[in-house]
Each structure stands twice: as structure tokens, then as C-alpha cells.
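*Asks:* Input: one structure, supplied below.
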Amino acid sequence: MTSELVAGPLSHGSARLANRFATPVRRRTFWLGLWAAAAAAEFGALAPVLFRHVPFEPVDVVFRLVGGSFAACGLIAWHRRPDNHSGRLMTATGFALFVTPLFSQLGAPLARTVALWLPDLWVLFFVPLVLTLLTGGRLRTRSDRALVGVIVFELLVLAPLWLMFSPEQGNLFLVAPDERIAGVVDTAQRAVFVAVPVATAGVLAARWRAASAPGRRALLPGVAGAACLLLFALLVVVGLVTGERSQLLLWVAACSLVSVPAAFLWGLLRSRLARGGLADLFRGLRTMRPGDLQAALARALGDPALLIAYPRHGDLGYVDGDGASVVLPDADGERSFSRVERDGDVVAVLVYDSSLDDDPELVEAIGGAAALALENAQLHAEAQARLAELEASRERIIAAADGERRRIERNLHDGAQQRLVTLALQLSLIQRQIRRDPGDAELLLTSAGDELSRSLEELRELARGIHPAALDSGLEPALDALVLRSAVPTTLSVVPGDRLPEPVQFAAYLVASEALTNVAKYANATAVTVRVTRDDGGVVIEIADDGVGGADPTRGSGLRGLTDRVEALGGRLRLASPVDGGTVVTAELPHRDQADVSH
């Protein structure tokens, strides 16, 4: 029996997993090219420092190293999660940090202009990276799009406008040098770079307050990024107020940038550690009780609110373990769900925090664990039911054996034994009367002979009930004898074949005997048919009558005893008895090899 986690039409939690597998697979040359470009950019940015071509500030080295860390961590995240745009945004942030250090080394005016124009290009990718940790790097809210739009406005409008009036060397945008206008535009740019970090931090703070525990863990890299942005905003404010750039704040802000890729790596490591903890979960599934499953899965996912819902019989709804109704969450909400299927049937639904959609492999593994645990619980329940039925069957067999012994004892005591005692008295009277009154002795002798015949007949019937002698010649002769003694006209049909094992013959004979006895007692039938057929799986005996029907297999011990005997051989006993429709008793007995094993 196989079990698998499958996303149904509404399983938006598993949709991310499907999207991931739908993401085009990049060739190895693509990744090698990106890694080579990142290494070359890092080397090119550090070349002036390494070879001391130009004077440099130590903090510039930090910015160049930060660019390399963003590019490296971003490529790792991108390769590991191609469906998540966060890795691409991190990579783009790293390369954007290299733009000014690389282009400023070139002597061409165009390169100099690009270096002057795009020193803050990295913010265009960094802010959406911070804002979209819970959405896989995708802008989904108006506030996110508005903040990114403000940055684009600064880069495409304010930065070129500043260059139009700024008398910088090699500035191709220069139209009319005017330091006053350039100062006004520069102040506007700085105001933008104060407003954007503050607004970004405010958006993240609101999301942090509304997030669940797993959501807050997922937001931690974003919190680090927002704190970094606020440090740069403070640096700008201090510069506007004092007219000087604080070296301490610049160093702190530059070093804080390292925390964001480090936080992302921590998130990736946390995901792997969570999946590493699945080993303990899977080891405990074998002995785990069904009631403990939800708590164990919640610990593995780190989501205390994890819920397992089960399909409700009779409709399309779901209930939890206590039987309360469960409504599956809507798409794009705070909760997601994935269906757990086994053999094409939904056996459960996992409802979990939507932030976990960013780790579809973990959710898939948890779904697999749930499927295994549920299957284990079902197998355990089936085993318990079979064990209970086995114990009940043994009790019935013992009770039937005791009852059979009592019946034999009673029949011997009340029947053959009494007749033999009477016969002994008659023989004693014959002995006394044979000389005195031969005629009377002859009458007594005749009576004794009749009594002896009846005793022999009762003993034969008793022996036949224990084990019919006709079975020594095979099943068909035994059934012939049984049909001849039937009180209801009976037709026998037997498909010829090899001789059956003794346990199978005896079981088939007892089924026919019990069925014919019940027909004679209760069915009011006028005709009975006994059919014996064979196939590759074994032998089937069917007893059908045209009586009143309505037989109840739970009443009386005869059919229950036959069921136990047939099932002990690995077979099955079925009863079909509609009211006013006759009764059909069918026993399916196993193949010879199975019967021999059972025997």
C-alpha cells in the first residue's frame, strides 16, 4: 500500500511545490557563468585595494566585500530555490553593489557617468528583498509596489536631474552647472532615502505583529534588512543636520549589510535542520498513537497551530480529531493546506502556516510522515479488529466443541445407552421365559431385535455427525448420501476434479449439512440446489433454496461456527437471504496448497 501527498484543486499550499517543479532547470554552464561573473566582479572591485592603484577608504573595502557576500549567498539561494525570487534579488543586490566600484575605475566619460548615476542601485533590489520574504520575492501588496516605485522614481528622475546641474568630472548628463539647484535635488534624494527605510520598517513591523510564530521566524532576515536600512537613513539624517558624514555610523551601516545574507543562510540552515529532525519523527511513527500525531507534526514543522483535518463521511466537509467541523483556508491567506492521499483517496488535510510554503520539501516530507502514520494507525486498527475477531472465534470454537461434547454425551445417555439398557433387560427376560413360555420369549426377542436396530441407527447417526464415513470415498459420495436424506427435494451438481484435502472436504460437507438442516427447519422451501464448482483459487459450494428467505446469520450458532471453520482455512462464507427471495449460502474454500498450510 502506497501513500503520497497530493495537492488537490484547492490545495494552494502544495501549489508552490508544483510551481517549483515547473521552474525551468538551469544548465550547469548557466550557474558556472554566474559564479564566474561574481568572482570577476569581486576581484575587479577589490583590484584598486589589492594593487594600491588609487587611494581608498577602508569602509569602501567593506562595501565591496558585502557585494560579494550578497552575490554568493544569492546564487546559493537561487540555485536551491529556483521558484523563490529572493535568491535572484539577493544576487542582483550583490551585482548592483559592484556597479560604482567597477565603473569608477574606467576612464571613459560614459563609465564615469554610470558610476555617478547608480551608486544606490542596490536599494532597488534590496528593499523588495526585505519586503517579500513571505511571498517568495514577489510584490503582492500596494505598499510594496509603492515603495519600489519611489525608488525607481529616484533612480530614473531625481538622480539624472541632480547630474544635470552637478559639475562632476566626466558627467555626460551635465546641462547647466548650478550648485544651488544640485543641492536642492540632492536634499530631495536624501529625503527619499530617509522615507523609504522608515516606511519599509513600518510595513515589516505591522507584518511582524500580525504574523504567527513560523511567520516571524521567516521574517527575521527581513527584520535584519530593515534595521540595516534604518541605519543608512540615520546616517543621511545626521549628514543633513550636521553637514558631515558620520564615519562611525557609516561603518556600522556598512557592516550591518552583512547581516542580511548571513540571516538568509541561517534561514536555509534552519530549513535543513528542520528536515534533519524528521528522522526522529519517522523513527517514532511506528509506536506513535494516532492522538499524538498532530502534536508531533506541529513540532517538526515549528507550527503549534498545525491542524490535521479528516474527510467527513457522507459529504465533502472535514472534521478535526475531536469531530468538530473544519473549514479549509482561502488562497493567499495566513494559512495554507495540503491534502494527503492514499491510493487516490483523500485521507487527511494538513492545515499549516502559509509561511511554510517557502519550504515545500519540508511540507512534502511532513505530508509523507502523516500518510505513513495514518496508514500505520489504520493497519493497527485492522490488526486489533482481526485480533478481537480471532479471540471471539476461538471462544466460539471452544464453546462449540464443549456443546458438541455435551450433545454427544446427551445423545448417548438418552438414546443408545437407554436402548441398550432396555435391550439388556429384555435379554434377561428372554432367558427366563425361553423354557417356561417359548411364545412369550419369541415376542420379547422380536422386540429386542427392533430395539437393537434402533440403537444401531442412532449410533450411525451420531457417528455421521462426528465424521461421516462417506467422506472416506470423497466429497461427492458424501453429498449424495446427504441429499438422499434431505427432507426437501434436493438436486446435486458437482464439477469433477482431483480429490480435495480432508479439511476442505469436511468443511464443504458441514456447510451443506447445516444449510440443508436450516432449509428443512425454517425455509418452507419446495426445492434445494447444491452446486460444487472449482477454479484456480479453490472450490466453491453453494446451497440455494426457494424458501421464504430472511435468514439472519447472527441468530444461532450454526452459521457462526461454519464461518469460523471456513475462515480458519483461509476461505469465506457468504449468506444472501432477501425477504421472500429464498436463501443462498456460499462457501469459498481455498486452493489445495492453502488448505494444506491451514491444516
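*Asks:* Determine which single condition ALA206 fails, assuming it passes every other condition in (1) in contact (Cβ under 8 Å) with a residue 40 or more places away in the chain; (2) within 43 Å of the chain's Cα centre (by Cα).
*Replies:* In the conditions (1) in contact (Cβ under 8 Å) with a residue 40 or more places away in the chain; (2) within 43 Å of the chain's Cα centre (by Cα), ALA206 misses (1) alone.
*Asks:* To continue, here is another question. Filter the range 59-89 down to residues that are outside any helix (DSSP H, G or I) and surrounded by 24 or more Cβ atoms within 10 Å (Cβ to Cβ), then give me how many there are. Write out each step before concluding.
*Replies:* Applying the first criterion (outside any helix (DSSP H, G or I)) to the range 59-89 yields 81-85.
Among the residues that remain, those that are also surrounded by 24 or more Cβ atoms within 10 Å (Cβ to Cβ) are: 84.
So the count comes out to 1.
*Asks:* Oh, and also: How many residues are free of Cβ contacts under 8 Å to residues at least 60 places away in the same chain and in contact with an Asp or Glu (Cβ under 8 Å, 6 or more places away or on another chain) if we restrict to the range 82-111?
*Replies:* 2
*Asks:* A further question on this structure: Do we have any residue at all in the range 238-254 that's among the aromatic types (Phe, Trp, Tyr) and more than 30 Å from VAL351 (Cβ to Cβ)?
*Replies:* Within the range 238-254, one or more residues are among the aromatic types (Phe, Trp, Tyr) and more than 30 Å from VAL351 (Cβ to Cβ).
*Asks:* Among the residues of the range 119-137, which ones are touching a Pro at 6+ places or on another chain (Cβ under 9 Å) and outside any helix (DSSP H, G or I)?
*Replies:* Scanning the range 119-137 gives a single hit, GLY137.
*Asks:* So is GLY284 farther than 30 Å from HIS79 by Cα and modelled with pLDDT of 75 or more or not? Explain how you work it out, then say what you get.
*Replies:* Values: farther than 30 Å from HIS79 by Cα: yes; modelled with pLDDT of 75 or more: no.
Judged against the criteria, GLY284 is not a match.
*Asks:* Scan ARG560, ARG485 and give me the residue that is under 30 Å from ARG386 (Cβ atoms) and of a type outside the set (A, V, I, L, M). Can you show your working first?
*Replies:* Values: ARG485 fails: under 30 Å from ARG386 (Cβ atoms).
Going through ARG560, ARG485 in turn, just one is under 30 Å from ARG386 (Cβ atoms) and of a type outside the set (A, V, I, L, M): ARG560.
*Asks:* Out of curiosity, is GLY149 small (Gly, Ala, Ser), without any contact (Cβ under 8 Å) to a residue 12 or more places away in the chain and in the same structural domain as ASP83 (by TED's automatic domain parsing)?
*Replies:* Details: small (Gly, Ala, Ser): yes; without any contact (Cβ under 8 Å) to a residue 12 or more places away in the chain: yes; in the same structural domain as ASP83 (by TED's automatic domain parsing): yes.
It is true that GLY149 is small (Gly, Ala, Ser), without any contact (Cβ under 8 Å) to a residue 12 or more places away in the chain and in the same structural domain as ASP83 (by TED's automatic domain parsing).
*Asks:* Still on this structure, please answer the following. I'm told ALA226 meets every condition in (1) under 30 Å from ALA298 (Cα atoms); (2) touching a Lys or Arg at 6+ places or on another chain (Cβ under 9 Å) except one. Can you identify the failing condition by its number?
*Replies:* Of everything listed in (1) under 30 Å from ALA298 (Cα atoms); (2) touching a Lys or Arg at 6+ places or on another chain (Cβ under 9 Å), ALA226 misses just condition (2).
*Asks:* For the subset of the range 90-118 comprising residues that are part of a loop (DSSP other than H, G, I, E, B) and either surrounded by fewer than 19 Cβ atoms within 10 Å (Cβ to Cβ) or not assigned by TED's automatic domain parsing to the domain that holds VAL258 (or both), which member is nearest to the chain's Cα centre (by Cα)? Write out each step before concluding.
*Replies:* Restricting attention to the range 90-118, the residues satisfying the condition of being part of a loop (DSSP other than H, G, I, E, B) are 98, 104-108, 118.
In the following step, the residues that additionally are either surrounded by fewer than 19 Cβ atoms within 10 Å (Cβ to Cβ) or not assigned by TED's automatic domain parsing to the domain that holds VAL258 (or both) were identified as 104-108, 118.
Working: SER104: 57, GLN105: 58, LEU106: 59, GLY107: 63, ALA108: 62, LEU118: 51 Å.
Looking at residues that are part of a loop (DSSP other than H, G, I, E, B) and either surrounded by fewer than 19 Cβ atoms within 10 Å (Cβ to Cβ) or not assigned by TED's automatic domain parsing to the domain that holds VAL258 (or both), I get LEU118.
*Asks:* Among the numbered criteria (1) modelled with pLDDT of 80 or more; (2) surrounded by fewer than 20 Cβ atoms within 10 Å (Cβ to Cβ); (3) in contact with a Lys or Arg (Cβ under 7 Å, 6 or more places away or on another chain), which one does VAL566 miss?
*Replies:* Here VAL566 clears every test but (2).
*Asks:* Scan VAL49, VAL6, VAL66 and give me the residue that is at negative phi and at pLDDT 85 or above. Outline the logic, then answer.
*Replies:* Values: VAL49 fails: at pLDDT 85 or above; VAL6 fails: at pLDDT 85 or above.
Unique residue meeting the criteria: VAL66.
*Asks:* Test of understanding: among LEU161, LEU235, LEU219, which residue is in a helix (DSSP H, G or I), of a type in the set (A, V, I, L, M), touching a Ser or Thr at 6+ places or on another chain (Cβ under 7 Å) and touching a residue at least 12 places away in the same chain (Cβ under 8 Å)?
*Replies:* Of the residues listed, the single one that is in a helix (DSSP H, G or I), of a type in the set (A, V, I, L, M), touching a Ser or Thr at 6+ places or on another chain (Cβ under 7 Å) and touching a residue at least 12 places away in the same chain (Cβ under 8 Å) is LEU235.
*Asks:* Let me ask another. Of these, VAL351, VAL363, VAL347, which one is outside the structural domain of ALA77 (by TED's automatic domain parsing) and modelled with pLDDT of 75 or more? Steps first, please.
*Replies:* Details: VAL363 fails: modelled with pLDDT of 75 or more; VAL347 fails: modelled with pLDDT of 75 or more.
Residue meeting the stated conditions: VAL351.
Conditions (1) in the same structural domain as GLU391 (by TED's automatic domain parsing); (2) assigned to a loop (DSSP other than H, G, I, E, B); (3) among the basic types (Lys, Arg); (4) at pLDDT 80 or above, marked per residue:
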| residue | (1), (2), (3), (4) |
| --- | --- |
| ILE541 | no, no, no, yes |
| GLY549 | no, yes, no, yes |
| THR554 | no, yes, no, no |
| LEU559 | no, no, no, no |
| ASP580 | no, yes, no, no |
| VAL584 | no, no, no, yes |
| LEU589 | no, no, no, yes |
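The values are calculated or read from the model by the stated rules, or taken from the named source; none is laboratory data. Bear in mind the structure is a predicted one, so any value in this text is a computation, not a measurement. A quick note on method: Cβ atoms are made from the backbone with ideal geometry, for glycine too, and the neighbour counts reach across all protein chains shown.
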